[in-house]
Amino acid sequence: MSVLPDTLPNDGQATPSLFLAKLRLSLNDLRAGERRAIAAMLANPSKVPEWSTADVARQSGTSPATVVRACQRIGFRGYQHLRLEFARLTETSQEDMTANEDDDVSTAMAVFHDAVEALRLTTRSLDQVALIHATEIVSSARRVLCTASGFSLPPLQDAALRLTTSGIDVSAPQDVIAQQFGAHSLGPQDVCLAVSYSGANTHTLRTCQIAKQQGASVIAVTNFSKSPLADLSDVLLVTGVAPVRHSVDPSADRVAQMCMLHALSTLVAHRCTDTTPDMRQVVADSISEHLDQ
């Protein structure tokens, strides 16, 4: 079964970063050995064109048969097919690196490029049914508790403010302990909205576990469909895995998270037509009070 249907980078238009991002996304749907084989290639993209099937197997601690099977499961005919794609895209990457080395403008533009790639991949893999389901749950919720920490917190805080303007009762404490305290007060009519890039943040997971114990619905926004947070969720919204230029600060993925949450809050606003105009007037009045006359 192809994990990357109709998206093989053989039309000359796919960029190296988008190609690698798709491969990272495919890891979620592979078995352990297959995942190690693809991960070994992702960790050494410039070496793949020189590797044989046995080399990949040795690097990943698997067998040549597993390497071939992994390539086929993500939509390639076999390892040789995937190796050719790595060769073509690695050559393109090397040309770009040579042309742009020590170029501050190119470095800055790469930030925007990564954000575009993250949004493109998220759009292609968007589960529209899940998004509509999340909209229905949030729109009818008695209360929504937001939980996230670190780099995932800013997009969620933005979403909390937007949901508030639709008349939704939203609680979005920044402190992780306060989030867990808040989860204890939830009930079957409430929602816990969680954001985590990895889907494995222990603080966020604990808040969601408490919310589930209280009977609340959990809506999760994460980059990995196979993660502890995904397993806990009632509704899962997956954002695309962006090119990794900075392993500590996945800034492009935050852009994808923010757009996913913005889409959710926009759909909620369309459903809450009875309260949205009044709440927007409240927001406008609050802002105008602090503007210089």
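The values are calculated or read from the model by the stated rules, or taken from the named source; none is laboratory data. Please read these numbers as outputs of a predicted model, since none were measured by experiment. Counting neighbours? That spans all protein chains shown, and the Cβs are built from the backbone with ideal geometry, glycine included.
Looking at Arg124, Arg58, Arg88, Arg77, which is the one that is assigned to a helix (DSSP H, G or I), more than 30 Å from Gly167 (Cβ to Cβ), modelled with pLDDT of 85 or more and out of contact with any helix residue (DSSP H, G or I) (no Cβ under 6 Å at 6 or more places or on another chain)? Give the steps one after another, and end with the answer.
Values: Arg124 fails: modelled with pLDDT of 85 or more; Arg88 fails: modelled with pLDDT of 85 or more; Arg77 fails: assigned to a helix (DSSP H, G or I).
Going through Arg124, Arg58, Arg88, Arg77 in turn, just one is assigned to a helix (DSSP H, G or I), more than 30 Å from Gly167 (Cβ to Cβ), modelled with pLDDT of 85 or more and out of contact with any helix residue (DSSP H, G or I) (no Cβ under 6 Å at 6 or more places or on another chain): Arg58.
Can you tell me which residue within region 218-251, out of those that are at pLDDT below 95 and either among the polar types (S, T, N, Q) or not assigned by TED's automatic domain parsing to the domain that holds His133 (or both), is nearest to Asp29 (Cα to Cα)?
In this case the residue turns out to be Ser225.
Name the pairs: first residue in region 136-152 and under 19 Å from Gln257 (Cα atoms), second residue modelled with pLDDT under 95 and of a type in the set (Phe, Trp, Tyr), Cβ to Cβ under 9 Å, at least 6 apart or on different chains?
Gly150/Tyr197; Phe151/Tyr197; Ser152/Tyr197
Could you list, in sequence order, the residues of region 32-86 that are in contact with a Pro (Cβ under 7 Å, 6 or more places away or on another chain) and over 19 Å from Leu18 (Cβ atoms)?
Thr53, Ala54, Ala57
Looking at (1) assigned to a helix (DSSP H, G or I); (2) assigned by TED's automatic domain parsing to the domain that holds Ser251, which one does Ala141 not meet, given that it meets all the others?
So Ala141 meets the others, but not (1).
Name the residues in region 36-55 that are over 22 Å from the mean Cα position of the chain (by Cα) and under 12 Å from Thr66 (Cα atoms), would you?
Ala37, Thr53, Ala54
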